[in-house]
Amino acid sequence: MIESYALRKARGETELEKAVSLYYAVRDDFRYDPYRIDLSPHGMRPERVLENGYGWCVPKAALLTACCRAVGIGARLGFADVRNHLTTARMREVMRTDVFAWHGFSEIFLEGKWVKATPAFNLELCVKAGLAPLEFDGRGDSIFHEYDGGRQHMQYLKMHGSYDEIPLARMLASYRELYPHWDLRALTGDFGEEASSE
């Protein structure tokens, strides 16, 4: 499933061209939706993003990583704790904080170095919410902007390093410690519509 998707979406002759095209495919073919998180091992598999048509930062990064690997490009996962200044009121209410632990992105090996690529927020969501979409040229890191249109957006607080696979046990342990009150069932509704109206 991932290999056939990657082969269809990888454009160009060079690894850089293919990686860039895969970034935009994963970014925009699948909606960013943190209201439908499944933290089970099955729910975190990159194939689930293909099946569902949506995902949040970690499985979308896992899908981009798997797609790059499927076409012979070295890729791994990176993680960071971030302070999200532009999240929705519902997310702030449920999480009781604007600190998001273990935000995920891809790290892709291109032209002799590792570059970060963050395919989380799809273009349609960015347009609705008035955010500048993240671009990726394969040569520089593509990570969230600290400021967006003069507003504080995303602040990177702590980098957790690089991983070949999702470190789910470590993530869940952190979530239990940081968000003991977290009830994923309380996250309902349309994230994109809420983000666009706030």
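Test LEU39 against the stated conditions and say whether it is surrounded by fewer than 20 Cβ atoms within 10 Å (Cβ to Cβ) and modelled with pLDDT of 95 or more.
Working: surrounded by fewer than 20 Cβ atoms within 10 Å (Cβ to Cβ): yes; modelled with pLDDT of 95 or more: no.
Criteria not met by LEU39.
Could you please let me know if THR88 is closer than 20 Å to TRP56 by Cβ, modelled with pLDDT under 85 and either loosely packed, with under 13 Cβ neighbours inside 10 Å or of a type in the set (S, T, N, Q) (or both)? Steps first, please.
Values: closer than 20 Å to TRP56 by Cβ: yes; modelled with pLDDT under 85: yes; either loosely packed, with under 13 Cβ neighbours inside 10 Å or of a type in the set (S, T, N, Q) (or both): yes.
For THR88, the condition - closer than 20 Å to TRP56 by Cβ, modelled with pLDDT under 85 and either loosely packed, with under 13 Cβ neighbours inside 10 Å or of a type in the set (S, T, N, Q) (or both) - is met.
Answer yes or no as to whether GLY140 is at pLDDT below 95 and farther than 22 Å from PHE191 by Cβ. Walk me through it before giving the result.
Working: at pLDDT below 95: no; farther than 22 Å from PHE191 by Cβ: yes.
Here the answer is no, as GLY140 does not meet what is asked.
Mind listing whichever residues of the range 9-23 are part of a helix (DSSP H, G or I), in contact with a helix residue (DSSP H, G or I) (Cβ under 7 Å, 6 or more places away or on another chain) and not basic (Lys, Arg)?
Pass one, the range 9-23, residues part of a helix (DSSP H, G or I): 9, 15-23.
Applying the additional criterion that residues be in contact with a helix residue (DSSP H, G or I) (Cβ under 7 Å, 6 or more places away or on another chain) yields 9, 19, 21-23.
Correct list: ALA19, SER21, LEU22, TYR23.
Quick one: ARG48 ticks every box in (1) in contact (Cβ under 8 Å) with a residue 60 or more places away in the chain; (2) closer than 27 Å to GLY161 by Cβ; (3) not aromatic (Phe, Trp, Tyr); (4) not in a loop (DSSP other than H, G, I, E, B) bar one, so which box is it?
Only one criterion is unmet by ARG48, namely (1).
Any residue that is under 23 Å from TYR156 (Cβ atoms), touching a Cys at 6+ places or on another chain (Cβ under 8 Å), assigned to a strand (DSSP E or B) and among the polar types (S, T, N, Q) - is there at least one of those in the range 73-89?
No, the conditions are met nowhere in the range 73-89.
Here's the yes/no breakdown for (1) part of a helix (DSSP H, G or I); (2) among the basic types (Lys, Arg); (3) within 29 Å of LEU172 (Cα to Cα):
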| position | (1), (2), (3) |
| --- | --- |
| LEU7 | yes, no, no |
| ASP38 | no, no, yes |
| HIS42 | no, no, yes |
| LEU64 | yes, no, yes |
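Among the residues in the range 104-124, are any part of a strand (DSSP E or B), of a type in the set (S, T, N, Q) and either at positive phi or at pLDDT 95 or above (or both)?
Quick first cut of the range 104-124, residues part of a strand (DSSP E or B) only: 104-110, 113-117.
Still in the running and of a type in the set (S, T, N, Q): 106.
Among the residues that remain, those that are also either at positive phi or at pLDDT 95 or above (or both) are: 106.
Checked against the condition, which is being part of a strand (DSSP E or B), of a type in the set (S, T, N, Q) and either at positive phi or at pLDDT 95 or above (or both), the range 104-124 yields at least one hit.
The values are calculated or read from the model by the stated rules, or taken from the named source; none is laboratory data. This one's a predicted model, so the numbers in the text were calculated from it and none came from an experiment. In this analysis, Cβ positions are derived from the backbone assuming ideal geometry, glycine residues included, and neighbour counts consider all displayed protein chains.
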